[in-house]
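The values are calculated or read from the model by the stated rules, or taken from the named source; none is laboratory data. This is a predicted model, so every value here is computed, not measured. Backbone-built Cβ (ideal geometry, glycine too); neighbour counts: all protein chains shown. Calculation scope for accessible area: heavy atoms of the full protein, side chains included, ligands and nucleic acids excluded. Shrake-Rupley method; radii C 1.70, N 1.55, O 1.52, S 1.80 Å.
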Amino acid sequence: MTRLVVFDLDNTLAAPGKGIAISDILKLKKLEEMGIQIAICSGKPVSYLCGFMRQVELEMPILIGENGAVVQVGVELPPKEQYVLPYSSLAKDSLAIVKKEIDARIPDIWYQPNLVGVTPFPKSDAEFELIEELLDEKKNVLQDVKMYRHEDCFDIVPEGIDKKEGVHFAAQQMHVLPDEIIAVGDAINDYPMFAYAKTALGVKVKDEDVVDKNFNTITEALEFLYNLCSENNKAETYE
């Protein structure tokens, strides 16, 4: 039985900077009406996810931000329930070093307003290369952190925190087991939650071996989810 479905946001539920299609919002609501908890697990901070998901108007979505570092229940600000996963003092010091070094080399760079990680948005290929060179140069100094490179930014996050850990924490709070979870995503930072969930669904995932099924669009994935959960519910009813 499926009790929790976790979606990545950018390039999964919606294109970067865009909203979810109305028809797809209706499918999310149908899943929720079936008693399935909906969660969003993204590299974006939870404050961004709050504003985004308010327009979807689900009853009580779970928001997992910063690649698993921060977990929040509902879309209210200030939040009624918000948790920051623990990470080491070495990681905290390393993140401070990363930001200081980036600021010195690219003084006008914009950072995502995170609670934990460092997410700079380079404005050019040259700035992307500068940051990669910096991270390589400081690799012997930086401890307990890892990096994801995306099409528009870098996520530099504590080691030991990823989307699997964020989903695991949220699932524990709801007493949901991994074999009751479906994860939906598109990119390498989704792979940890793919491995944790019983079923992994991709939206144009390049490495198809990491998912159970791969779809060209989120609409196709949502249609599959609805049919799968409907069948499972019928099976539970007849048992």
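Among beta bridges identified by DSSP and lying wholly in the chain, the antiparallel ones come to about 45 percent.
Can you put 154, 169 in order of accessible area, largest first, using a 1.4 Å probe? Before the final figure, lay out the partial values.
Values: 154 0, 169 50 Å².
I get 169, 154, largest accessible area first.
With θ taken as phi - 60° and the Karplus curve 6.51 cos²θ - 1.76 cosθ + 1.60 applied, the whole-hertz 3J(HN,Hα) list for segment 66-79 is 6, 6, x, 6, 10, 10, 9, 9, x, 10, 6, 10, x, x Hz, x standing for glycine and proline. Excluding same-chain neighbours fewer than eight residues apart, the aspartates and glutamates reachable from residue 92 by a Cα-Cα span under 12 Å are 144, 159. Tell me the net charge near residue 188. Cut-off is 14 Å between Cβ atoms, residue 188 excluded, with +1 for each Lys or Arg and -1 for each Asp or Glu. Every neighbour counted, the sum reads -4.
Could you list, in their original order, any pairs among 100/146; 18/80; 163/198; 123/164; 123/163 whose Cα atoms are separated by more than 20 Å? Intermediate results must be reported in sequence, preceding the final value.
Values: 100/146 17 Å; 18/80 27 Å; 163/198 15 Å; 123/164 30 Å; 123/163 26 Å.
Correct reply: 18/80; 123/164; 123/163.
Couplings for segment 215-225, taken from phi via the Karplus curve 6.51 cos²θ - 1.76 cosθ + 1.60 with θ = phi - 60°, read 10, 7, 9, 5, 4, 5, 5, 5, 4, 4, 4 Hz in order; Gly and Pro are left as x. Principal-axis analysis of the Cα atoms of the chain puts helix 163-174 at an angle of about 50° to the longest axis.
Take the chain, connect every pair of alpha-carbon atoms lying under 10 Å apart with a spring to form a Gaussian network, then pick out the residue of 141, 210, 46 with the largest mean-square fluctuation. Most flexible of the set in this elastic network: 141. The residues packed around residue 71, meaning those with a beta-carbon under 12 Å from its beta-carbon, carry a net charge of -2 if Lys and Arg are +1 and Asp and Glu are -1.
Largest first, the residues 191, 111 sort by 1.4 Å accessible area into 191, 111. Per atom type, segment 1-142 shows carbon and sulfur on 53% of its accessible surface, probed at 1.4 Å.
Among the listed values (i) 33, 18, 17; (ii) 32, 24, 15; (iii) 28, 20, 16, the one computed from these coordinates for semi-axes √(5λ) of the Cα gyration tensor in Å is (i).
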